[in-house]
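Here is the structure we will look at.
The values are calculated or read from the model by the stated rules, or taken from the named source; none is laboratory data. In this text the structure is predicted, and so the values were computed from the model without any measurement. Cβ placement follows ideal geometry from the backbone for every residue including glycine, while neighbour counts extend to all protein chains displayed. Ligands, DNA and RNA are stripped out before the accessible areas are found, and what is left, the full protein with its side chains, is counted by its heavy atoms. Shrake-Rupley method; radii C 1.70, N 1.55, O 1.52, S 1.80 Å.
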Number of protein chains: 2
Amino acid sequence: MLHLKQDHSELVVLSVLAEGPSYGYAISKEIAARSDGHFKLSPSGMYPLLTKLEKQGLVTTTWEEIKSRSSNPDASGRKRKWYTMSVKGSKRLTQHIENQQRVLKILNGFVPASLRESGLELA
Amino acid sequence: MLHLKQDHSELVVLSVLAEGPSYGYAISKEIAARSDGHFKLSPSGMYPLLTKLEKQGLVTTTWEEIKSRSSNPDASGRKRKWYTMSVKGSKRLTQHIENQQRVLKILNGFVPASLRESGLELA
DNA sequence: GATTGATATATCAAGTTTCGATATATCCTA
DNA sequence: TAGGATATATCGAAACTTGATATATCAATC
């Protein structure tokens with residue numbers, strides 16, 4: 001299991017949001033599921049990141065009031081904060097991936113030829 | 001220009017050392033040259049890293065006394081610390097690259113199909 | 001009706017990492 | 001003799017990471 005660092009976190013979260021609006025908890029489950037449990041983004045990594053994305057205008061947010069069926073109808077209920085990727089966020093995701101490609105290509109240039117020949121390539 | 005993070009630093013430094021012994025200053029120049037100036041590992045990143053590699057037994061070291069031709073033959077002269085990759089270091093480099101490949105493959109699974117179709121792939 | 005586990009958002013503090021600045025000293029060339 | 005390159009190394013402020021903690025609801029079991 002690998003704890004995601006900021007760069008990868010941002011790429012992964014934006015990628016998940018590229019397929020439609022979601023919210024913190026669901027995103028973290030999605031990341032674990034789609035990585036076969038290999039990637040983990042914990043609450044303390046997720047929420048500060050989402051706040052950052054919001055401040056940078058890469059996502060917009062709305063609150064959903066989750067009404068309980070069984071309890072007091074006046075109760076505030078659980079709240080869910082939805083994140084929707086903006087056009088700016090979409091562009092940022094593309095940039096992110098392009099940048100990763102560039103870095104990978106350079107990085108691959110450092111891999112010794114002997115290893116590259118055995119299929120150990122990064123790009 | 002991109003400052004290398006620890007993971008990438010280790011991979012790049014071990015890759016350089018895979019081609020033969022070298023020393024801090026030369027490695028940093030090699031990194032800048034072979035990345036067309038895109039990667040930079042500054043002294044404050046380089047020396048602690050080399051010390052770490054040494055402590056982990058991934059490299060062995062020897063000091064070279066660089067004798068001056070023109071000055072006092074008794075002068076201590078400049079010292080150069082050579083780093084030689086060990087068998088353990090060689091194995092670690094392979095592991096490093098294999099691990100990167102694995103992470104990249106998973107990461108690529110998050111990239112939206114629409115972007116992957118335009119050639120924006122990470123693995 | 002009480003307990004448990006899952007859902008859901010969020011912060012804190014301690015630890016680690018990063019990186020520009022600094023320190024020291026030699027060598028070479030103009 | 002001054003400046004730029006060579007060479008190793010540390011410091012401290014800022015940023016980042018992450019386990020722990022806090023709060024609260026909901027659903028299912030006991």
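Please give the helices (runs of 4 or more DSSP H) falling wholly within the stretch B:1-119 in which 3 or more residues are over 15 Å from the mean Cα position of the chain (by Cα), more than 10 Å from DNA strand D (Cβ to nearest atom) and β-branched (Val, Ile, Thr). Spell out the reasoning first.
On the way: elements: B:6-17, B:24-34, B:43-55, B:87-110, B:113-116.
Fully inside the stretch B:1-119 and qualifying: B:87-110.
Those residues that are closer than 15 Å to A:Phe110 by Cβ, in contact with a helix residue (DSSP H, G or I) (Cβ under 9 Å, 6 or more places away or on another chain) and more than 11 Å from every other protein chain (Cβ to nearest Cβ), I need them from the stretch B:28-45; list them, please.
Kept after step one, since they are closer than 15 Å to A:Phe110 by Cβ, are these residues of the stretch B:28-45: B:28-41.
Among the residues that remain, those that are also in contact with a helix residue (DSSP H, G or I) (Cβ under 9 Å, 6 or more places away or on another chain) are: B:28, B:30-31, B:34-36, B:38-41.
Within the stretch B:28-45, B:Ser28, B:Lys40, B:Leu41 qualify.
Pick from A:Val111, A:Val87, A:Val103, A:Val16: which is free of Cβ contacts under 8 Å to residues at least 40 places away in the same chain, open to solvent by 70 Å² or more (accessible area, probe 1.4 Å) and on the phi < 0 side of the Ramachandran plot? Steps first, please.
Details: A:Val111 fails: open to solvent by 70 Å² or more (accessible area, probe 1.4 Å); A:Val103 fails: open to solvent by 70 Å² or more (accessible area, probe 1.4 Å); A:Val16 fails: open to solvent by 70 Å² or more (accessible area, probe 1.4 Å).
The match here is A:Val87.
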TODO: Would you mind finding the one in B:Ser35, B:Ser44 that is polar (S, T, N, Q) and either open to solvent by less than 60 Å² (accessible area, probe 1.4 Å) or at positive phi (or both)?
DONE: B:Ser35
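So if I check each of B:Ser86, B:Ser28, B:Ser71, B:Ser22, which one is of a type outside the set (D, E, K, R), modelled with pLDDT under 95 and out of contact with any Cys (no Cβ under 8 Å at 6 or more places or on another chain)?
Details: B:Ser86 fails: modelled with pLDDT under 95; B:Ser28 fails: modelled with pLDDT under 95; B:Ser22 fails: modelled with pLDDT under 95.
Of B:Ser86, B:Ser28, B:Ser71, B:Ser22, the one residue that is of a type outside the set (D, E, K, R), modelled with pLDDT under 95 and out of contact with any Cys (no Cβ under 8 Å at 6 or more places or on another chain) is B:Ser71.
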Open item on the list: Let me spell it out: the conditions are (1) open to solvent by less than 30 Å² (accessible area, probe 1.4 Å); (2) free of Cβ contacts under 8 Å to residues at least 60 places away in the same chain, and B:Ser22 meets all of them except one. Which number is the exception?
Closed with: (2)
